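Reviewing the structure listed below.
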Amino acid sequence: MQHNAGRIGLLEDDPIMGESLVQRLSLEGHKVQWWTRGEQALRELSAHVGDFDLVICDIRLPDMNGEDVFRQSCCESSTPFLFMSGYGDIDQAVRLMRSGAVDFITKPFEMATLLDRIASSLRSSPRDSLEGELGISASMRHVEMVLRRYAAHTLPVLIQGETGTGKEICARFLHQVSGRASSPFMAVNCAAIPGELLESELFGHERGAFTGANQLHRGYAERAGDGILFLDEIGDMPIPLQTKLLRLIEDGHFHRLGSEKPIPFKARIVCATHQNVESEPGRFRQDLYFRLSALPVAILPLRERPEDILWLAQRFLDEITEARDTPVRGISALAEDVMLEHQWPGNARELRNRLERAAALSENTLLMPIDLFPDKRAGHVAGSVATLSEARDAAERRQILRVLSMTNGQISEAARYLGVSRTTLWEKMTRFGIEGGARSEN
Ligand SMILES: Nc1ncnc2c1ncn2[C@@H]1O[C@H](COP(=O)(O)OP(=O)(O)OP(=O)(O)O)[C@@H](O)[C@H]1O
């Protein structure tokens, strides 16, 4: 694994551990500053805001707690923290990850493991994630950063978002950036398999376990090996099966139906749902929810991250034109305008479907609004004539979104193309409800 060199602050009170870490990290090319007390670290971090790429922090310190150092330093800077925790501190480490710490590692650890974690923490810092693989909006960049942070762990991940927002894509991305990429990604749609079959599909069954079980069947949990078991629409899992899933998580093993022999479960569980499972205690076991949501991810609907619309459309169209014979080569400006105004109730899936259908049926080189929205009547809706200033705002908003998509969300570059200052662009983005406008930097 490649190690990016960075400027690292090390907060460790144990002299032997501290010394050996400083030596090793320096050998790897990192510049290390070592502190043994929390207030010393806080002082230096506040005097040199933005100078550190990463802080490696012990949780138990002589004068204060690593958690307090993190929370106090968060007020002034966004330097990522990688925590080193003793065995009993796991719950605290999970809490810290959820409140923004970049990673944690349990003591004792192998030096090679720590170096890998440092490398991935440095890669997941915002300044390195400008490319955007899942989207260019601030929220999708954040999702991507969070998934990279979660990648090295074994704890379950719960991905929540409206239908079609890209929850499975995110789960696959997590698989790709984790050390499990060469192991299976086993996806199970809990809503698509009838309740009475789901158990044997998930856990497998022995020959003769029930009428019709003519041969041994290995379930998804077994076939996932040490990869990822992706449980889609987890909110639709029947309660008795939820109990068995909880037992699998707690015991670390399961049984095929018709057998008492425990089979170790080595995969990582990633779940997705479009429902608020946490607010449905009658339908979803809260103890299971608590387990599954150790590391949560929320995906915004497409209408709330309009910067991603044209970016996704271009990606989908590239895939479609590569895979099939179509005269379509691009999207007209008029069609882009309508796409930017559309509310996308079906999110990214609706976008892909509309493009697929348009590419199959259209004879135009550039897709027109009617190709993408045959269900929408062209022209104005009676009684909704826009004022000149509304029309100007709408046109400005569309042009900003178009250029942001062209520059992969880079605000400075977009401002240059648009011939305005970065501050003016931010102000306009905020006024037009483009979420990147709320960001302070990119
Ligand atoms: N960020 C993205 N990059 C590329 N493709 C995406 C992205 N988000 C969504 N898609 C595409 O949109 C479609 C829907 O995505 P996906 O199946 O991941 O959504 P979902 O939230 O899991 O849906 P559901 O709630 O119905 O299970 C897929 O065709 C997927 O390839």
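Before moving on, here are some points about what is shown:
- Count of segment 128-163 residues which are within 12 Å of the ligand (Cβ to nearest atom) and of a type outside the set (S, T, N, Q): 13
- Total residues in segment 256-299, condition touching a Pro at 6+ places or on another chain (Cβ under 6 Å) and among the β-branched types (Val, Ile, Thr): 1
- From GLU206, GLU222, GLU196, GLU201, residue being surrounded by 14 or more Cβ atoms within 10 Å (Cβ to Cβ), away from the ligand (no atom under 16 Å from the Cβ) and without any contact (Cβ under 8 Å) to a residue 24 or more places away in the chain: GLU201
- Some residue of segment 390-400 being over 21 Å from ALA138 (Cα atoms), touching a strand residue (DSSP E or B) at 6+ places or on another chain (Cβ under 6 Å) and without any contact (Cβ under 8 Å) to a residue 40 or more places away in the chain: no
- When GLY166 is tested against (1) more than 26 Å from LYS266 (Cβ to Cβ); (2) more than 8 Å from the ligand (Cβ to nearest atom), only condition (2) is not met.
- With respect to (1) away from the ligand (no atom under 14 Å from the Cβ); (2) surrounded by 21 or more Cβ atoms within 10 Å (Cβ to Cβ); (3) more than 25 Å from ASN189 (Cβ to Cβ), the lone exception for LEU317 is condition (1).
- Counting only residues that are surrounded by fewer than 15 Cβ atoms within 10 Å (Cβ to Cβ), within 14 Å of the ligand (Cβ to nearest atom) and in contact (Cβ under 8 Å) with a residue 12 or more places away in the chain, segment 173-188 holds 0 of them.
- Residue check, ASP308 exposed (fewer than 15 other Cβ atoms within 10 Å of the Cβ), within 28 Å of VAL102 (Cα to Cα) and touching a residue at least 24 places away in the same chain (Cβ under 8 Å): no
- Flag if GLY212 is part of a loop (DSSP other than H, G, I, E, B), within 16 Å of the ligand (Cβ to nearest atom) and either under 24 Å from ASP236 (Cβ atoms) or at pLDDT below 90 (or both): no
- Among the residues making up segment 238-281, those that are in a strand (DSSP E or B) and in contact with an Asp or Glu (Cβ under 7 Å, 6 or more places away or on another chain) are LEU257, ILE263, ALA272, THR273.
- Whenever a residue of segment 47-72 is in contact (Cβ under 8 Å) with a residue 40 or more places away in the chain, its partners that are part of a helix (DSSP H, G or I) and surrounded by fewer than 21 Cβ atoms within 10 Å (Cβ to Cβ), lying with C-beta atoms within less than 7 angstrom and at least six residues away or across chains, give the pairs VAL69/LEU42.
- Of all the residues in segment 344-370, those that are away from the ligand (no atom under 16 Å from the Cβ) and not hydrophobic (A, V, I, L, M, F, W, C) number 5.
- Residue that is surrounded by the fewest Cβ atoms within 10 Å (Cβ to Cβ), among those in segment 23-33 that are within 32 Å of the chain's Cα centre (by Cα) and not acidic (Asp, Glu): GLY29
- Residue count, segment 279-305 (criterion: exposed (fewer than 13 other Cβ atoms within 10 Å of the Cβ), under 20 Å from the mean Cα position of the chain (by Cα) and among the hydroxyl-bearing types (Ser, Thr, Tyr)): 0
- The sole residue among GLU144, GLU168, GLU162, GLU133 that is outside the structural domain of PHE52 (by TED's automatic domain parsing) and over 12 Å from the mean Cα position of the chain (by Cα) is GLU162.
- Screening segment 1-103 for helices (runs of 4 or more DSSP H) wholly inside it with 3 or more residues that are under 28 Å from GLY179 (Cβ atoms), modelled with pLDDT of 85 or more and out of contact with any strand residue (DSSP E or B) (no Cβ under 6 Å at 6 or more places or on another chain) returns the ranges 15-27.
- ILE299 being over 27 Å from LYS428 (Cβ atoms), of a type outside the set (Asp, Glu) and within 12 Å of the ligand (Cβ to nearest atom): no
- Residues that are of a type in the set (S, T, N, Q) and exposed (fewer than 13 other Cβ atoms within 10 Å of the Cβ) within segment 354-376 comprise just one, THR365.
- One residue from PHE284, PHE230 being at pLDDT 90 or above and part of a loop (DSSP other than H, G, I, E, B): PHE284
- Residue within segment 287-299 that is in contact with an Asp or Glu (Cβ under 6 Å, 6 or more places away or on another chain) and assigned to a loop (DSSP other than H, G, I, E, B) present: no
The values are calculated or read from the model by the stated rules, or taken from the named source; none is laboratory data. The structure presented is a predicted model; accordingly, all values stated were derived computationally and were not measured. Methodologically, a virtual Cβ is constructed for each residue, glycine included, from the backbone with ideal geometry; neighbour enumeration extends over all protein chains shown.
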